[in-house]
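**Q** Below you will find the structure I want to go over with you.
The values are calculated or read from the model by the stated rules, or taken from the named source; none is laboratory data. What you are looking at is a predicted structure, and each value in this text was computed from that prediction instead of being measured. Glycine also receives a Cβ, built like all others from the backbone with ideal geometry; neighbour counts cover every protein chain displayed. Protein only, heavy atoms only, side chains kept; ligands, DNA and RNA dropped before computing areas. Shrake-Rupley method; radii C 1.70, N 1.55, O 1.52, S 1.80 Å.
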Amino acid sequence: MSLTSFEFVIFVGAAVAGYYLIPKRFQWVWLLAFSYIYYAAASLKILFFLLFSTATTYLAGLLMDRIKEKQADREQRIKQKRRVVAAALVLNFGMLAVVKYTNFAIENINALLGSHLSFQTIILPLGISFYTFQSMGYLLDVYWEKVEAERNPFRFALFVSFFPQILQGPIGRFNRLAHQLYESHDFDWGRMERAFILILWGFFKKMVIADNAAGFVDEVFGNYGSYGGAAIVVAVLGYSVQLYGDFSGGMDVVRGIAELFGISLDENFRRPYFAVSITDFWHRWHITLGTWMKDYVFYPLSLSKMMGRFSKAAKKRFGKSIGRTLPICLANIIVFLLVGVWHGADWKFILYGLYNGLIIAFSGLMMQNYRKWKNLCHINEKAPLWKGFQIARTFLLVNISWYFDRAAGVGEAFDMMRITLTSFRLSDFWNGSLMLESVDLVALRFVIVGFGCILLFLVSLLQERGVKIREAITGRHVLIKYAVYLFLIFVLPALGQPPSAGGGFIYAQF
Amino acid sequence: MEKLIAILEDINPDVDYANCTTLIDDGILDSFAILSIVSELHDEFGVYVTPVDITPDNFNSAQALWDMVQRLQG
């Protein structure tokens, strides 16, 4: 059941109506029932994976809490808890690795050893990357005693399976999300209106911007050998718009639906194309994956004994500043390799992660030098021109990374870069060669995507300046308010691609 | 406390550490800076900061950092 399908609208409508009609103490049970119906509707077979993850994490949490209560000796307590957390991590990440990376491993073993191992038919359970990360975050929080383990298995099952977010996030944290799921919520018309605007805006980004951009992007990336550098540049820019519209649009819909139940999910995007550096970009793009990696991999790895020894040796060899930064850079590169692997079983994703990790690590190492240069050149960091330069530079670096993300493979990505550099003709922009015959209504789609981007840019600019758009709309005169609603409602079928043509969400495949 | 301020200024000199109380909330210290501070705190004061200690409450101001150092020393 896709988020853009008519059945899903009916499903959400029924869930919301029932939620406010039944006695409040059963609201969380209602959500649990709808979450499992939603997941099981996709396929009953994949329900096993969700149940396995829920059961093992729940039991491990309970066991760790029991050890905490019963074991008085601190050393023993840590030791016992470590065994439990390690077992649960191996089971859950092991399952994720098997379903996601078995064929990738077979392909590489065959290539390396010349063997002929056959590929396995494995179903990739929907949303497994998201709910595994969410439950493993909970597990580590219990291990570090940041949260108490949830005693009620059904409540815990709701935390893992809450239907709006299970397919593509945001990856929730137990301390911020769980209590909201279990609390009762009153019907609040103002909140419903704000949620409604967010949902419509999400659909606008997905159906009007992303799905209209998809035609050109798919054609050029699929047959890049037939096109020149200009078409490839437009396709890469189109992909940056498509991916942002698709993923952040999906997140707006998901967060809006959660708000209909009075539940506030973590923000996953904060206007990423306004970022002034790649580090800043990752603070604004897929935020919940970045913070997950930071809290559960980057900090623990950087503060591990092994890194401590490395830091000591590096300080002796390279001096204080470089010595303390080198281990952080190494941990950062490992984290981004994992981010790449998380995106999919393909070398292009590993390269995508490595590219981001290396840029951030290099910036970290050069920080002191940058500061000296900035002082020497009298650069005012707050000057709009400098900020504009930083945003443009970051946007360029991000677009280079999209070659890896979207091309069919590593070879294709480099080939497309070569064509971009060697056969780029400015005249292609006005001689009609970008009006691809194989893309339906290509000129109209350019106009629609352009219009959508202008609107998106203006809204983002206002948000960057601190304007709360939804509150501003709902606070206006009733005529203005409803004009905005009607505009969004009518613009979707008029300018947007129908769900059957637009396809599913890109991140729902992870 | 002077030693701590000196460490912070060495890592990022463009901040008013005496008055700023939103070092994390406003994104003034990023994760690289936080880990550099942790490394220097270990060298200077002999304290081991663990991942659990890295919270906005402990890193939002020089005073909060100093309180954490004293707590970990005790």
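**Q** From a point 7 Å beyond the Cα of A:TRP189 in the direction of its Cβ, which residues of the stretch A:478-495 have a backbone N at a distance under 19 Å?
**A** A:478-486
**Q** A further question on this structure: Working out 0.36 nm times the residue gap between A:ALA97 and A:GLN71, then minus their Cα-Cα distance, what length gain in nm do you get to one decimal?
**A** Extending this stretch completely gives an extra 6.0 nm.
**Q** Which of the residue pairs A:LYS146/A:LYS294; A:LYS206/A:LYS348; A:LYS79/A:LYS305; A:LYS372/B:LYS3; A:LYS312/A:LYS372; A:LYS100/A:LYS348 have a Cα-Cα distance greater than 19 Å in the structure shown?
**A** A:LYS206/A:LYS348; A:LYS372/B:LYS3; A:LYS312/A:LYS372
**Q** Just the number please: accessible area per residue for the stretch B:4-74, 1.4 Å probe, all protein chains included, in Å².
**A** Each residue of the stretch B:4-74 exposes 46 Å² on average to a 1.4 Å probe.
**Q** Specify the angular offset, from 0 to 90 degrees and rounded to the nearest 10, of the alpha carbon long axis of helix B:31-45 from the longest principal axis of the alpha carbons in chain B.
**A** Computed tilt is about 40 degrees.
**Q** OK, next. Hey, can you list the residues from the stretch A:371-395 whose accessible area shrinks by 40 Å² or more with all protein chains present, relative to the chain by itself (probe 1.4 Å, no ligands or nucleic acids)?
**A** Buried on complex formation: A:ARG371.
**Q** Hey, what's the Kirkwood Rh for the stretch A:153-238 if you take every pair of different alpha carbons, in angstrom?
**A** Radius from the Kirkwood sum: 16.7 Å.
**Q** Using each residue's phi in the stretch A:201-207, evaluate 6.51 cos²θ - 1.76 cosθ + 1.60 at θ = phi - 60° and report the 3J(HN,Hα) Karplus result to the nearest Hz, with x for Gly and Pro.
**A** With the stated coefficients, the stretch A:201-207 comes to 5, x, 4, 4, 4, 6, 7 Hz.
**Q** Continuing with this model, one more query. Once you put a point 7 Å from the Cα of A:ASN223 and another 7 Å from the Cα of A:LEU51, both along the Cβ direction, what distance in nm separates them?
**A** Result for the modelled spin labels: 4.8 nm.
**Q** Moving on. Could you sort A:THR422, B:THR22 by accessible area so the largest value comes first, with the probe set to 1.4 Å?
**A** A:THR422, B:THR22
**Q** Also, I was wondering about something else. Step through the residues of the stretch A:361-378 one at a time and calculate ³J(HN,Hα) from phi using the Karplus curve (6.51 cos²θ - 1.76 cosθ + 1.60, θ = phi - 60°), rounding each to whole Hz and writing x for Gly and Pro.
**A** Ordered by residue, 3J(HN,Hα) equals 5, 4, 4, x, 5, 8, 3, 4, 5, 4, 4, 4, 4, 4, 5, 5, 8, 6 Hz.
**Q** Another question about this same structure. Whole number in Å², please: accessible area per residue of chain A, 1.4 Å probe, ligands, DNA and RNA not counted.
**A** Accessible area per residue, chain A: 47 Å².
**Q** Putting +1 on Lys and Arg Cβ atoms and -1 on Asp and Glu Cβ atoms, find which of A:VAL478, A:TYR143, A:ILE257 reaches farthest to the positive end of the dipole of chain A.
**A** A:TYR143
**Q** Could you give me the percent of Cα pairs per 20 Å distance bin for the protein assembly as shown, shortest bin first, beginning at zero and ending with the bin that holds the maximum distance?
**A** Calculated P(r), rounded to whole percents: 18, 51, 30, 2.
**Q** Would you kindly calculate the mean projected area, averaged across all directions, of the convex hull enclosing the Cα atoms of the stretch A:274-406, in square nanometres?
**A** 9.1
**Q** Turning to a different aspect of this structure: Run through the stretch A:144-241 and list the chymotrypsin sites (Phe, Trp or Tyr not before Pro) located in a DSSP loop whose Cβ has at most 12 other Cβ atoms within 10 Å. Don't jump to the answer; show the numbers that get you there.
**A** Numbers: sites: A:TRP144, A:PHE154, A:PHE156, A:PHE159, A:PHE162, A:PHE174, A:TYR182, A:PHE187, A:TRP189, A:PHE196, A:TRP201, A:PHE203, A:PHE204, A:PHE216, A:PHE221, A:TYR224, A:TYR227, A:TYR239; in loops: A:TRP144, A:PHE162, A:PHE187, A:TYR227.
In loop regions of the stretch A:144-241 (DSSP not H, G, I, E or B), the sparsely surrounded chymotrypsin sites (Phe, Trp or Tyr not before Pro) are A:PHE187.
**Q** Could I ask something else about it? Would you rank A:ARG83, A:ARG151 by solvent-accessible area, highest first, keeping every protein chain in place and using a 1.4 Å probe?
**A** So, going from the largest accessible area down, we get A:ARG83, A:ARG151.
**Q** Mind checking the full-extension length gain between A:GLU267 and A:ASN431? Use 0.36 nm per residue of separation minus the Cα-Cα distance, one decimal, nm.
**A** Values: separation 164, 0.36 × 164 = 59.04 nm, distance 4.25 nm.
Stretched out fully, the A:GLU267 to A:ASN431 stretch lengthens by 54.8 nm.
**Q** Taking 0.36 nm per intervening residue step and subtracting the Cα-Cα distance, what contour gain separates A:SER321 from A:ILE122 on full extension?
**A** Length gained, A:SER321 through A:ILE122: 66.8 nm.
**Q** With loop defined by DSSP as not H, G, I, E or B, and exposure as at most 10 other Cβ atoms within 10 Å, which is the longest segment of chain A clear of exposed GluC sites (Glu not before Pro)?
**A** No qualifying site falls inside A:1-380, the longest such stretch.
**Q** Looking at the calculated P(r) for the stretch A:6-185, what percent of the C-alpha pair distances fall above 29 Å?
**A** Values: 5161 of 16110 pairs.
The share of Cα pairs beyond 29 Å in the stretch A:6-185 comes to 32 percent.
**Q** Express the carbon and sulfur contribution to the solvent-accessible surface of the protein assembly as shown as a percent, rounded to the nearest whole number, probe 1.4 angstrom. Walk me through the numbers on the way to the answer.
**A** Details: 17560 of 27620 Å².
The value for the protein assembly as shown is 64 percent carbon and sulfur by accessible area.
**Q** What residue among A:TRP28, A:LEU351, A:ASN332 has its Cα farthest toward the positive end of the dipole of chain A, where the charges are +1 on Lys, Arg and -1 on Asp, Glu, each on the Cβ?
**A** Of the listed residues, the answer is A:ASN332.
**Q** Through the Karplus equation 6.51 cos²θ - 1.76 cosθ + 1.60, θ set to phi - 60°, convert the phi angles of the stretch A:105-118 into ³J(HN,Hα) values in whole Hz; use x for Gly and Pro.
**A** So the J values, rounded to whole Hz, are 5, 4, 4, 6, 5, 4, 5, 7, 9, x, 7, 10, 5, 8.
**Q** I need the calculated FRET efficiency for the pair B:VAL52 and A:ALA42, taking r as the beta carbon distance and R₀ as 51 Å, to the nearest 0.05. Let's see the in-between values first.
**A** On the way: r = 37 Å, r/R0 = 0.73.
It comes to 0.85.
**Q** Moving on. Which whole-number percent is the relative contact order of the stretch A:281-427 (Cα, under 8 Å, 6+ apart)? Could you put the intermediate results ahead of the total?
**A** Working: 103 pairs, mean separation 25.6, N = 147.
Answer for the stretch A:281-427 is 17 percent.
**Q** Rounded to the nearest 100 Å², what is the buried accessible area between B and A, both sides summed, probe 1.4 Å?
**A** 1700
**Q** Residues of the stretch B:1-49 losing 50 Å² or more of accessible surface, assembly versus chain alone, probe 1.4 Å, please list them.
**A** B:ASP10, B:SER31, B:PHE32, B:LEU35, B:GLU40
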